[in-house]
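The values are calculated or read from the model by the stated rules, or taken from the named source; none is laboratory data. Everything numeric in this text was worked out from a predicted model, so none of it was measured. Every residue, glycine among them, receives a Cβ derived from its backbone with ideal geometry; neighbour counts consider all protein chains shown. We work out accessible area using only protein heavy atoms, side chains counted, and drop any ligands, DNA or RNA first. Shrake-Rupley method; radii C 1.70, N 1.55, O 1.52, S 1.80 Å.
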Amino acid sequence: MSSGPDDPPIERRSHPRSAVLKDGTIITEDATIRCSVRNQHAHGAELRVDPGVVIPGRFVLHIPADDVRYRAVVRWRKNERLGVQIY
């Protein structure tokens with residue numbers, strides 16, 4: 001069975017995402033970097049950072065609106081977007 005142009009895209013993610021718009025802070029040994037959280041689920045999130053900002057592979061993600069800090073590992077990058085695994 002093939003999908004047509006009016007069919008919704010097939011969701012291949014193992015965890016459903018919730019669209020959000022929250023401020024966040026990436027905390028490294030050397031810096032704090034502002035970011036926005038664009039979607040989030042129990043095991044990960046999509047972050048947006050200013051273009052050209054260098055982000056290390058591992059960091060602490062602080063989300064003040066939720067009053068939480070997560071350890072985060074970058075799983076993918078595309079321009080100003082980052083997909084991270086959080087735990």
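Kindly provide the set of residues from the range 27-59 that are β-branched (Val, Ile, Thr) and within 12 Å of the chain's Cα centre (by Cα), ordered by number.
Keep residues of the range 27-59 that are β-branched (Val, Ile, Thr), which gives 27-28, 32-33, 37, 49, 53-55.
Scanning the range 27-59 gives Val37, Val49.
Just to be sure, is Val84 in a strand (DSSP E or B) and open to solvent by less than 40 Å² (accessible area, probe 1.4 Å)? Step through it out loud before you land on a result.
On the way: in a strand (DSSP E or B): yes; open to solvent by less than 40 Å² (accessible area, probe 1.4 Å): yes.
Criteria met by Val84.
Report, by residue number, each residue of the range 56-76 that is of a type in the set (A, V, I, L, M, F, W, C) and open to solvent by 10 Å² or more (accessible area, probe 1.4 Å). Step through it out loud before you land on a result.
Applying the first criterion (of a type in the set (A, V, I, L, M, F, W, C)) to the range 56-76 yields 59-61, 63, 65, 68, 72-74, 76.
Selection gives Phe59, Val60, Ala65, Val68, Val73, Val74, Trp76.
Among the conditions (1) without any contact (Cβ under 8 Å) to a residue 12 or more places away in the chain; (2) in a strand (DSSP E or B); (3) of a type in the set (Gly, Ala, Ser), the only one that Ser36 does not satisfy is (1). Scanning the range 60-81 for residues that are in a loop (DSSP other than H, G, I, E, B) and more than 12 Å from the chain's Cα centre (by Cα), we see that the one that is nearest to Ile27 (Cα to Cα) is Asp67.
Within the range 33-79, work out how many residues are closer than 16 Å to Lys22 by Cβ and either modelled with pLDDT under 95 or touching a strand residue (DSSP E or B) at 6+ places or on another chain (Cβ under 8 Å) (or both).
Qualifying residue count, the range 33-79: 27.
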